[in-house]
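So the structure is just underneath, and the comments pick up after that.
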Amino acid sequence: MQRYIVQLLEDLAEARLRVAADLEAQPREHLWISEEDEAAQAPGRDLEAWTGIGREALPPQELLDDAQVLLLLNALVALLDAANCLFVMQFSVPPRVQYEAIRLNFRQRVKLQVYHMGFFDHCGPDTEHQRCALGAWCHCAYFEELFAGFVHEDLTPEEERRRRLAVEIEYLKRKHGDRWMRYYPYHLDPDHDDAYGNPSTTGGRTTITTRMTGGGADRYGLRLTPLRLPILLTASRWMTIRYFTGRCKFPRAIVGTSPGVRRVFKTDR
């Protein structure tokens, strides 16, 4: 098995270089194009055919030891990054579970996007919660539970900020466990504003969610980004960032707010 793993790692490395060159050669006809328009216009490729790596070439995780799982997982993540088909975990997931999520879903069609990030689907359309490859670490189930108590309501800017603080803290506790205070979102906590009422610039990440379509014009989901960077909020005190979970069934979502529209929405079950 070890000799096969070595050869497979070499194949993955060669595929990464080939895919990166192919994506770099794609024409760039626009100075800027919206994410929706690029997704509609970008050519598609079958991931297996494009990379030359078939799903059957990836051994089931039960045949691998821990070191082999990590080697293959890192190589696959690097390959997907090169293909601009990012594999994103929003909280800690065991390496074996991550590897199986990629292996089982490697047979999918991806877009050759050069202006916006693309994402690897953790599961197929209409997959029931916790029946995907992530199992107990199902992202869709987690975020549905996190936002279960939200209702349609008008919020003042102060109430909206408190709401965002509560959501961020819940997320950080899930992602970082006992270490969550290291990432405390001071910029969302009014108790840490300066003397002029400006948000703190110490630490913190935003976890504002936005609307997306998935599987149909009236479907909603969560879209999460792999980038979780400290952000200095502007005077308007708002920022919208997209996060990604995949295409599982996700009946509810929160629609990100702007200075003029401060509402939280929940779709029907």
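The values are calculated or read from the model by the stated rules, or taken from the named source; none is laboratory data. No experiment lies behind these values; they were computed from the predicted model shown. Glycine gets a Cβ as well: all are built from the backbone with ideal geometry, and neighbour counts include every protein chain shown.
If you go through segment 85-108 and keep only what is under 24 Å from Arg174 (Cβ atoms), in contact with a strand residue (DSSP E or B) (Cβ under 6 Å, 6 or more places away or on another chain), of a type outside the set (S, T, N, Q) and buried (at least 17 other Cβ atoms within 10 Å of the Cβ), you end up with just Val88. Listed by first and then second residue, the pairs linking a residue in segment 6-18 that is among the acidic types (Asp, Glu) to a residue that is not in a helix (DSSP H, G or I), with Cβ atoms under 7 Å apart and 6 or more places separating them unless they lie on different chains, are Asp11/Ile53. Criterion applied to Phe106, Phe91, Phe147 was being under 22 Å from Asp11 (Cα atoms) and of a type outside the set (A, V, I, L, M), and the one residue passing it is Phe106.
For segment 125-139, the condition of being basic (Lys, Arg) and at pLDDT 90 or above holds for none of the residues. All told, Glu48 falls short of being part of a helix (DSSP H, G or I), in the same structural domain as Lys111 (by TED's automatic domain parsing) and exposed (fewer than 15 other Cβ atoms within 10 Å of the Cβ). Close contacts from segment 96-117, counting a first residue that is assigned to a loop (DSSP other than H, G, I, E, B) and a second that is of a type in the set (Phe, Trp, Tyr) and surrounded by 20 or more Cβ atoms within 10 Å (Cβ to Cβ), with Cβ to Cβ under 8 Å and a gap of 6+ residues or different chains, come to Asn105/Phe120; Gln108/Phe120.
Determine whether Leu155 is crowded, with 21+ Cβ neighbours inside 10 Å and more than 28 Å from Ser34 (Cα to Cα).
Numbers: crowded, with 21+ Cβ neighbours inside 10 Å: no; more than 28 Å from Ser34 (Cα to Cα): yes.
Judged against the criteria, Leu155 is not a match.
May I ask you to say which residue of Ala25, Ala82, Ala15 is of a type in the set (A, V, I, L, M) and loosely packed, with under 13 Cβ neighbours inside 10 Å?
Numbers: Ala82 fails: loosely packed, with under 13 Cβ neighbours inside 10 Å; Ala15 fails: loosely packed, with under 13 Cβ neighbours inside 10 Å.
It is Ala25.
The number of residues in segment 95-125 that are over 14 Å from Arg45 (Cβ atoms) and of a type in the set (A, V, I, L, M, F, W, C) comes to 7.
From the set of residues in segment 109-137 that are of a type in the set (S, T, N, Q) and surrounded by 15 or more Cβ atoms within 10 Å (Cβ to Cβ), which is nearest to Gln26 (Cα to Cα)? Ranking the candidates gives Gln113 first. I'd like the full set of residues that are among the aliphatic types (A, V, I, L, M) and surrounded by 15 or more Cβ atoms within 10 Å (Cβ to Cβ), limited to segment 28-38. If the condition is that a residue be among the aliphatic types (A, V, I, L, M) and surrounded by 15 or more Cβ atoms within 10 Å (Cβ to Cβ), then Ile33 is the only one that fits.
Given the criterion in the same structural domain as Arg107 (by TED's automatic domain parsing), in contact with a strand residue (DSSP E or B) (Cβ under 7 Å, 6 or more places away or on another chain) and assigned to a helix (DSSP H, G or I), identify the matching residue among Ala39, Ala20, Ala78.
On the way: Ala20 fails: in contact with a strand residue (DSSP E or B) (Cβ under 7 Å, 6 or more places away or on another chain); Ala78 fails: in contact with a strand residue (DSSP E or B) (Cβ under 7 Å, 6 or more places away or on another chain).
On inspection, the qualifying residue turns out to be Ala39.
For segment 102-135, filtered to residues that are outside the structural domain of Ala25 (by TED's automatic domain parsing) and among the polar types (S, T, N, Q), the residue that is nearest to Thr51 (Cα to Cα) is Thr127.
So which residues in segment 22-51 are free of Cβ contacts under 8 Å to residues at least 12 places away in the same chain and over 16 Å from Val110 (Cα atoms)?
The answer is Ala25, Pro27, Glu29, Leu31, Ser34.
Restricting the first member to segment 166-179 and to residues that are within 17 Å of Glu145 (Cα to Cα), and the second to residues that are of a type in the set (Val, Ile, Thr), the beta-carbon pairs closer than 8 Å and six or more apart or on different chains are Val167/Thr207; Glu168/Thr206; Glu168/Thr207; Tyr171/Thr207.
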